[in-house]
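Data block below; observations after.
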């Protein structure tokens, strides 16, 4: 593969909208094991909520997909593959990105995490307000502005 071809593939893979219109691969080999990726993603997305046992499975799948994505990207970066192999690796990376996007955007799982984070931030703001209102600011802020 020529240097300019390698750069084109890497640019295509890293492009902002690379996954737009891309399909999730039917199957993918991750660390020597073939996975029915499309079926797995659609099975998980079909449910309204992801049960706790399945969350671990989804998180593990995302870790494995990220690892596989990195390995394929490194193979393109090293340039020790043919143009055809590079094209296939790039399609695989884009398909993995598409699957990761679908798994990252699981509604209820992310909403629960966001709600907890929002509640923690609200509590922190409220405590800060109370400390200021009651004149109990922490030692680091005393003496400033005087």
- [ ] Check 72, 57 and return the single one that is assigned by TED's automatic domain parsing to the domain that holds residue 23, more than 13 Å from residue 10 (Cα to Cα) and either touching a residue at least 24 places away in the same chain (Cβ under 8 Å) or assigned to a helix (DSSP H, G or I) (or both).
- [x] 57
Open item on the list: Whether any residue in region 101-124 is modelled with pLDDT of 85 or more, within 17 Å of residue 11 (Cα to Cα) and in the same structural domain as residue 50 (by TED's automatic domain parsing) is what I want to check.
Closed with: no
Task: Exclusive hit being surrounded by fewer than 16 Cβ atoms within 10 Å (Cβ to Cβ), at pLDDT below 85 and in contact with a helix residue (DSSP H, G or I) (Cβ under 9 Å, 6 or more places away or on another chain), set 45, 62 - done: 45
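Check region 15-32 and report whether any residue there is in a helix (DSSP H, G or I), touching a helix residue (DSSP H, G or I) at 6+ places or on another chain (Cβ under 7 Å) and surrounded by 12 or more Cβ atoms within 10 Å (Cβ to Cβ). Full working, then the answer.
From region 15-32, those in a helix (DSSP H, G or I) are none; that's our starting set.
So far as region 15-32 goes, no, none of its residues is in a helix (DSSP H, G or I), touching a helix residue (DSSP H, G or I) at 6+ places or on another chain (Cβ under 7 Å) and surrounded by 12 or more Cβ atoms within 10 Å (Cβ to Cβ).
The values are calculated or read from the model by the stated rules, or taken from the named source; none is laboratory data. None of these values were measured; they are calculated from a predicted model. A quick note on method: Cβ atoms are made from the backbone with ideal geometry, for glycine too, and the neighbour counts reach across all protein chains shown.
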